[in-house]
Amino acid sequence: MQGKDLLLDLLDDNTKRVHQLLEETTEDCLHWQPDPDANSIAVTLWHVSRVFDVFVTQHIKNQANEKEVWVQSGWVEKSGYDPRGLGVNGWGMLTGYSLDEMRGIPRFGSEILRGYYDEMVAVIQTYLEETNEEELAQPAPGFEGKRTKFYWVRHPLFDLTRHVGEMLALKAMWERQQSTGTA
C-alpha cells in the first residue's frame, strides 16, 4: 500500500464514522458542552473541516483565504459566519481562538456541518487521487516549503482521527447525562 492509499483509506474510515455520528446525534447533543469553556461536537467537526480547508488552500495550493471552500462555496453566507482573521495566523479554524471567539461560533446545524465536511472530503479525495507519490513528497509552498504536501494532508487526517474519538466521547457523556442526570 502506498502512502496516498493509506491516507485515502484513513479519510474513508473517518468519514464513515463522522456520518454515523451525525446520523445518530440529535441537534441538542451536537451543541452540548460538558462545561462552558469546552467545545461541542458541532464546533469540533467544524474545526476539523476548517483545518482541511486552510491546509489545502493555503499550504498545498498556496492560495489566498478567499479561495477556501468555506468562502467559495458560500458557506459564509449560508452560516452567517466568516472566521477569516481569527485565531492563529488569522486562519479562522478555532486554533488560538479566545474563549469569546470560540463562544461566537454559531450553532451550525447538522446540514451545514455535514455539507462542509463532505465538500472538504471530496476536495482532499480528488487531490489525493490526482496526485502521484512523487508530487506528494515535494515541498508544499506554504510555510516556505518546510513541509511536504503529504504532511499537509496527513497532519489533519491524524487530527481528524483524534477528534472523532473526542466527538464520540462527548456523545457518550451527553447520553449518560440524559439517562442519569449527570455528566
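Remarks
- Looking across segment 23-46, the residues that are closer than 15 Å to Glu111 by Cβ and surrounded by fewer than 18 Cβ atoms within 10 Å (Cβ to Cβ) come down to Glu23, Thr26, Glu27, His31.
- From the options Glu135, Glu119, residue that is within 21 Å of His19 (Cα to Cα) and assigned to a helix (DSSP H, G or I): Glu119
- Candidate set: segment 93-108, residues that are within 19 Å of His59 (Cβ to Cβ) and surrounded by fewer than 17 Cβ atoms within 10 Å (Cβ to Cβ); chosen: the one nearest to the chain's Cα centre (by Cα): Thr95
- Listing of helices (runs of 4 or more DSSP H) fully contained in segment 1-65 that carry 1 or more residues being out of contact with any helix residue (DSSP H, G or I) (no Cβ under 9 Å at 6 or more places or on another chain) and either of a type outside the set (Lys, Arg) or touching a residue at least 40 places away in the same chain (Cβ under 8 Å) (or both): 3-24
- Residues of segment 40-97 classified as of a type in the set (Gly, Ala, Ser) and out of contact with any Gly (no Cβ under 7 Å at 6 or more places or on another chain), total: 9
- Listed by first and then second residue, the pairs linking a residue in segment 159-178 that is part of a helix (DSSP H, G or I) to a residue that is among the small types (Gly, Ala, Ser), with Cβ atoms under 6 Å apart and 6 or more places separating them unless they lie on different chains, are Met173/Ala183; Gln177/Ala183.
- Among the criteria (1) in contact with a His (Cβ under 8 Å, 6 or more places away or on another chain); (2) within 22 Å of Pro36 (Cβ to Cβ), the one Phe108 does not fulfil is (1).
- Between Glu134, Glu111, Glu175, Glu119, the distinction of being of a type in the set (Asp, Glu) and surrounded by 16 or more Cβ atoms within 10 Å (Cβ to Cβ) belongs to Glu119 only.
- From the options Ile60, Ile112, residue that is touching a Lys or Arg at 6+ places or on another chain (Cβ under 7 Å) and under 23 Å from Lys16 (Cα atoms): Ile112
- Filter result for Phe143 (over 16 Å from the mean Cα position of the chain (by Cα) and of a type in the set (Phe, Trp, Tyr)): yes
- Number of positions in segment 145-183 that are under 13 Å from Cys29 (Cα atoms) and in contact with a helix residue (DSSP H, G or I) (Cβ under 9 Å, 6 or more places away or on another chain): 8
The numbers here are math on the coordinates, done by the rules we state, and not lab data. Small disclaimer: the values here were computed from a predicted structure and weren't measured. All Cβ positions, even for glycine, are placed from backbone atoms using ideal geometry, and neighbour counts span all protein chains on display.
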